[in-house]
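See below for the structure under consideration.
The values are calculated or read from the model by the stated rules, or taken from the named source; none is laboratory data. Treat the numbers as computed from the prediction; the structure is a model and nothing was measured. Methodologically, a virtual Cβ is constructed for each residue, glycine included, from the backbone with ideal geometry; neighbour enumeration extends over all protein chains shown. We work out accessible area using only protein heavy atoms, side chains counted, and drop any ligands, DNA or RNA first. Shrake-Rupley method; radii C 1.70, N 1.55, O 1.52, S 1.80 Å.
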Amino acid sequence: MNIKIIVVGKLKEKYLKQGIAEYSKRLSKFCKFQIIEVSDEKAPESLSDAQMNEVKVKEGERILGKIKDRDYVFTLEIKGKGRSSEELSAEMAKLTTYGNSDITFVIGGSLGFSDAVMKRSNSAISFGRFTLPHQLMRLVLTEQIYRSFMIQAGSPYHK
């Protein structure tokens with residue numbers, strides 16, 4: 001199984017890098033795991049709707065360039081479907097059972113996703129209605145992917 005997270009922007013905080021590295025190491029027992037960073041589009045503080053769309057389109061092109069045709073794509077969106085850890089675990093298990101061994105999660109830029117990325121998404125996930133820093137979301141998502149495997153394995157980690 002191949003799992004990747006595509007993210008817009010660079011991760012700078014050392015403590016987040018350390019947490020992600022720990023879960024990445026743990027995930028190596030279950031899958032080939034990678035995080036792919038694409039550059040964010042530099043933009044002024046206040047943007048017109050057209051400028052916002054242009055930023056999303058450019059970032060979206062970079063994201064789509066990292067997604068393969070066979071990838072099952074989850075986008076992380078506030079308006080996505082909320083799932084429990086158990087539900088995400090069951091969904092991932094079902095995907096692999098039915099031949100989807102390449103799973104991609106996408107964390108967009110600060111303005112969200114382009115229409116093209118949203119169209120490519122197979123499923124939108126929400127981690128709640130609150131906003132988290134995108135850098136922190138990488139760690140949370142990586143941990144939840146690891147937790148999904150622990151649930152499937154019947155491990156006490158989840159308790």
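Is region 11-25 home to any residue that is assigned to a helix (DSSP H, G or I), farther than 23 Å from residue 136 by Cα and over 18 Å from the mean Cα position of the chain (by Cα)?
Taking region 11-25 and keeping what is assigned to a helix (DSSP H, G or I), we get 14-25.
With farther than 23 Å from residue 136 by Cα added as a condition, the list becomes none.
Looking for residues that are assigned to a helix (DSSP H, G or I), farther than 23 Å from residue 136 by Cα and over 18 Å from the mean Cα position of the chain (by Cα), one finds none in region 11-25, hence no.
Test residue 22 against the criterion of being out of contact with any Asp or Glu (no Cβ under 8 Å at 6 or more places or on another chain) and either open to solvent by less than 80 Å² (accessible area, probe 1.4 Å) or of a type in the set (Ser, Thr, Tyr) (or both), and give yes or no.
Numbers: out of contact with any Asp or Glu (no Cβ under 8 Å at 6 or more places or on another chain): yes; either open to solvent by less than 80 Å² (accessible area, probe 1.4 Å) or of a type in the set (Ser, Thr, Tyr) (or both): yes.
Taking the combined requirement at face value, the residue satisfies it.
Quick one: residue 46 ticks every box in (1) polar (S, T, N, Q); (2) in a loop (DSSP other than H, G, I, E, B); (3) surrounded by 14 or more Cβ atoms within 10 Å (Cβ to Cβ) bar one, so which box is it?
Looking at each condition in turn, residue 46 falls short on (3).
Pairs, please: C-beta under 6 Å, at least 6 apart or cross-chain, first residue closer than 23 Å to residue 3 by Cβ and modelled with pLDDT under 95 and in region 105-116, second open to solvent by less than 10 Å² (accessible area, probe 1.4 Å) and assigned to a strand (DSSP E or B)?
Here the result reads none, with nothing in region 105-116 linked to a residue that is open to solvent by less than 10 Å² (accessible area, probe 1.4 Å) and assigned to a strand (DSSP E or B).
Given the conditions (1) in contact (Cβ under 8 Å) with a residue 12 or more places away in the chain; (2) surrounded by fewer than 11 Cβ atoms within 10 Å (Cβ to Cβ), report the number of the one that residue 15 does not fulfil.
Unmet condition: (1).
Is it the case that residue 28 is touching a residue at least 40 places away in the same chain (Cβ under 8 Å), among the small types (Gly, Ala, Ser) and farther than 24 Å from residue 112 by Cβ?
Working: touching a residue at least 40 places away in the same chain (Cβ under 8 Å): no; among the small types (Gly, Ala, Ser): yes; farther than 24 Å from residue 112 by Cβ: yes.
Taking the combined requirement at face value, the residue does not satisfy it.
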